[in-house]
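Peer 1: Here it is, the structure, as structure tokens.
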Amino acid sequence: MGRRIVRRMQKMHDRPRRMDRARRKEGVSSAHLQWQTIGRRMHQAGYPPPHCGCSKGFVDFKARYIVNADGRGLLYTEKLSPEYTMRLTWKMGFFRLLLTGGIIWMLIILTVLCFHIWSCQSSVAFFSALCNKDSKVYGMLSTMGMVTPPHRCPIPVAGDPNKIVIPTKRSPEKLVRRLSYIMEDSPINNRLKSSPLYRTAINGTQSTPLFGGHQTWQQRDESFKVKPTMEVHCGFMKGGGEEMDPKDVEYVKKCKFVVATGIFDTYDMPHQPSNISKRSQTLFCFLMVVDEVSLEFIKNNASVRVDSAWGEWVGIWRLILLKNQPYDEPRRNGKVPKILTHRLFPQAEYSIWIDGKMELIVDPLLLLERYLWRGKHTFAIAQHKHHRSIYEEADSNKRRKRYARPLIDLHMKIYRYEGMEPWNPQKDTWSDVPEGAIIIREHTALSNLASCLWFNEVHQFTPRDQLSFGYVVYRLGGMFKFFMFPNCEYNSIFVLHPHIREHSSKIEWAKSMAELRKHPELIESRGGLGLWTPYPGDLGLVVLPPVARTSKAG
């Protein structure tokens, strides 16, 4: 209001004086009339009226403001009252304080956001440990374009999926011809029952079958000795959980080519793949594995349609419900469809796994041709962006609190005791650490065996599957051939979406074994029991290899 009056007063000052015809005889200019209007508005705005102590000029007694005789301004003959001056000063001071505080808060928030971005790309261990790439803040910054995008490179795929020739024959089974699975969980032996650590871990669940079984150290060692006919642990013990609905069992029987993903504990929302050809839409089954909580969440937040066979769909994805989750830890539950795809969908000949936070943007038929058929591979997985040694990856997991630090150390000590060396250029593989979010497989017996052994390690130890993959390759002694493709191609397969909520588990914050013994409620009761089973060797003498951080944290 005040600014508008000042602008109008300025215009009045610059405007030439003109006499109003109706007031010409009275000698009153139009400027006087306009000053009266301004005076009234200033009075209505709350400005205090001055005393009329002048003998010249036009006085508007109603508005109680005085106009100069020349019609160019107002005469103020009295100072403002002390109360009004104090009130005006307080208002102006409060406004300035509010403005200054807002600017300071904006600078603080901007500084914190910049520090968060810098810490995620820092090679300094202390600062990189503060980064949480799964947080909503990091996802928001990435969406705003403030985070350096992942390095992408063109994938040398065939141009047209309709022209791809699908092999008529499966890959030959040379090393393993017949693979079967142990389905009955063996009882716990007396030595385990007498172990106080094991009793603390199982917390009264020793009578319940475990999904992955109670595998002994001897059984574990024998499972790595490749023979033409093998029987191994591979999850899905009777009574261990993870039951599929009968209608879904019937549906997946027809699936020879599978694109699978999974959502557990409502961490993600379904993302529809793009650039899918009509041929692939007909050839592939797009299966989304969910638990009961996630299914209910999806129904409440997405459009779910039901077909004539009571199958539930979200876009192109057929929802596959798994009841009775076998583990306490949602991340460990998510490893079941990811690693044991061949067990969930036994009729499938080829499968592509993609994590639930990803949106597939490449035709799946092109992926099979590029990563399997062109090089005659049966298993393909990407290189890790930063790490090549499992010990470096373990160090990163501890810094980022991905699991209990003492249990990660114990996991790595077992591998070191069993001869697992840090990665070096003389090894046959590009890296011991994969990016496990995308796995492309032909379901041969050897490929299925490797997946079973990989899952057994995840079941026995920590749920960080990237720590176990390189160990399985090492124990198979070069018999398991796979294609590890560049990370830049991996980044070109998908669009990454942030989780809708952050993952948090109490066991991730444990700093010592003493803390875990003091708080047994932190310990998983149905997974990772190999970490609490007496090991047939002296791990106290094991020294983990030093980790020299030569790259940015991943």
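The values are calculated or read from the model by the stated rules, or taken from the named source; none is laboratory data. Keep in mind that what you see is a predicted model, and the values were worked out from it rather than measured. Reconstructed Cβ throughout: ideal geometry from the backbone, glycine too, with neighbour counts over all protein chains shown.
Peer 1: Just to check your reading of the model, which residue among ARG388, ARG416, ARG400, ARG370 is touching a residue at least 60 places away in the same chain (Cβ under 8 Å) and within 24 Å of the chain's Cα centre (by Cα)?
Peer 2: Result of the check over ARG388, ARG416, ARG400, ARG370: ARG400.
Peer 1: Considering only residues that are closer than 26 Å to SER492 by Cα, part of a loop (DSSP other than H, G, I, E, B) and not polar (S, T, N, Q), which ones fall in the stretch 259-298?
Peer 2: Listed by number, the residues that qualify are PHE264, TYR267, ASP268, MET269, PRO270, HIS271, PRO273, ILE276.
Peer 1: Let me ask another. Being surrounded by 22 or more Cβ atoms within 10 Å (Cβ to Cβ) and modelled with pLDDT under 95 is the filter here; which residues of the stretch 357-387 pass it?
Peer 2: Across the stretch 357-387, the qualifying residues are HIS384, HIS387.
Peer 1: Still on this model: Please go through (1) hydroxyl-bearing (Ser, Thr, Tyr); (2) in contact with a Leu (Cβ under 7 Å, 6 or more places away or on another chain); (3) at pLDDT below 90 for SER195 and return the number of the only condition it doesn't satisfy.
Peer 2: Only one criterion is unmet by SER195, namely (2).
Peer 1: Can you tell which of ASP465, ASP432 is surrounded by 24 or more Cβ atoms within 10 Å (Cβ to Cβ), of a type in the set (Asp, Glu), under 24 Å from the mean Cα position of the chain (by Cα) and in the same structural domain as LYS376 (by TED's automatic domain parsing)?
Peer 2: ASP432
Peer 1: Quick one: which residue in GLY537, GLY528, GLY554 is under 25 Å from ARG416 (Cβ atoms), modelled with pLDDT of 90 or more, surrounded by 12 or more Cβ atoms within 10 Å (Cβ to Cβ) and within 26 Å of the chain's Cα centre (by Cα)?
Peer 2: Residue meeting the stated conditions: GLY528.
Peer 1: Further question on the same structure: HIS497 versus (1) modelled with pLDDT under 95; (2) closer than 30 Å to ARG178 by Cα: which is the lone unmet condition?
Peer 2: Tallying (1) modelled with pLDDT under 95; (2) closer than 30 Å to ARG178 by Cα, HIS497 fails exactly one: (2).
Peer 1: Within the stretch 322-343, track down each residue that is touching a Lys or Arg at 6+ places or on another chain (Cβ under 9 Å) and hydrophobic (A, V, I, L, M, F, W, C).
Peer 2: VAL336
Peer 1: Restricting to the stretch 213-229, what's the tally of residues that are of a type in the set (Val, Ile, Thr) and in contact (Cβ under 8 Å) with a residue 40 or more places away in the chain?
Peer 2: Start the filter on the stretch 213-229 by keeping residues that are of a type in the set (Val, Ile, Thr), which leaves 216, 226, 229.
Still in the list and also in contact (Cβ under 8 Å) with a residue 40 or more places away in the chain: 226, 229.
The number of residues fulfilling the criteria is 2.
Peer 1: Then there's this: Kindly check whether there is at least one residue in the stretch 299-320 that is within 23 Å of ILE507 (Cα to Cα), modelled with pLDDT under 95, assigned by TED's automatic domain parsing to the domain that holds ALA450 and assigned to a loop (DSSP other than H, G, I, E, B). First the steps, then the outcome.
Peer 2: Pass one, the stretch 299-320, residues within 23 Å of ILE507 (Cα to Cα): none.
No, that holds for no residue.
Peer 1: Something else: Residues to consider are ASP432, ASP395; find the one that is assigned to a helix (DSSP H, G or I), closer than 23 Å to ARG331 by Cβ and either touching a residue at least 60 places away in the same chain (Cβ under 8 Å) or out of contact with any Leu (no Cβ under 8 Å at 6 or more places or on another chain) (or both).
Peer 2: It is ASP395.
Peer 1: For the stretch 501-521, indicate whether the set of residues that are out of contact with any strand residue (DSSP E or B) (no Cβ under 8 Å at 6 or more places or on another chain), part of a helix (DSSP H, G or I) and modelled with pLDDT of 95 or more is non-empty. Show your work before the answer.
Peer 2: First, the residues of the stretch 501-521 that are out of contact with any strand residue (DSSP E or B) (no Cβ under 8 Å at 6 or more places or on another chain): 501-521.
Checking the rest, the ones that are also part of a helix (DSSP H, G or I) come to 506-509, 513-518, 520-521.
The next check asks that each one be modelled with pLDDT of 95 or more; those that pass are none.
Checked against the condition, which is being out of contact with any strand residue (DSSP E or B) (no Cβ under 8 Å at 6 or more places or on another chain), part of a helix (DSSP H, G or I) and modelled with pLDDT of 95 or more, the stretch 501-521 yields no hits at all.
Peer 1: May I ask you to verify whether HIS503 is under 19 Å from the mean Cα position of the chain (by Cα) and either free of Cβ contacts under 8 Å to residues at least 24 places away in the same chain or surrounded by 12 or more Cβ atoms within 10 Å (Cβ to Cβ) (or both)? Talk me through it step by step, then tell me what you get.
Peer 2: Details: under 19 Å from the mean Cα position of the chain (by Cα): yes; either free of Cβ contacts under 8 Å to residues at least 24 places away in the same chain or surrounded by 12 or more Cβ atoms within 10 Å (Cβ to Cβ) (or both): yes.
Answer is yes for this residue.
Peer 1: Taking the stretch 232-255 as the region of interest, how many residues are in contact with a Leu (Cβ under 8 Å, 6 or more places away or on another chain) and not hydrophobic (A, V, I, L, M, F, W, C)? Steps first, answer last, please.
Peer 2: Residues of the stretch 232-255 in contact with a Leu (Cβ under 8 Å, 6 or more places away or on another chain): 232, 234-237, 240, 242-245, 248, 252, 255.
With not hydrophobic (A, V, I, L, M, F, W, C) added as a condition, the list becomes 235, 240, 242-243, 245, 248.
Total satisfying the criteria: 6.
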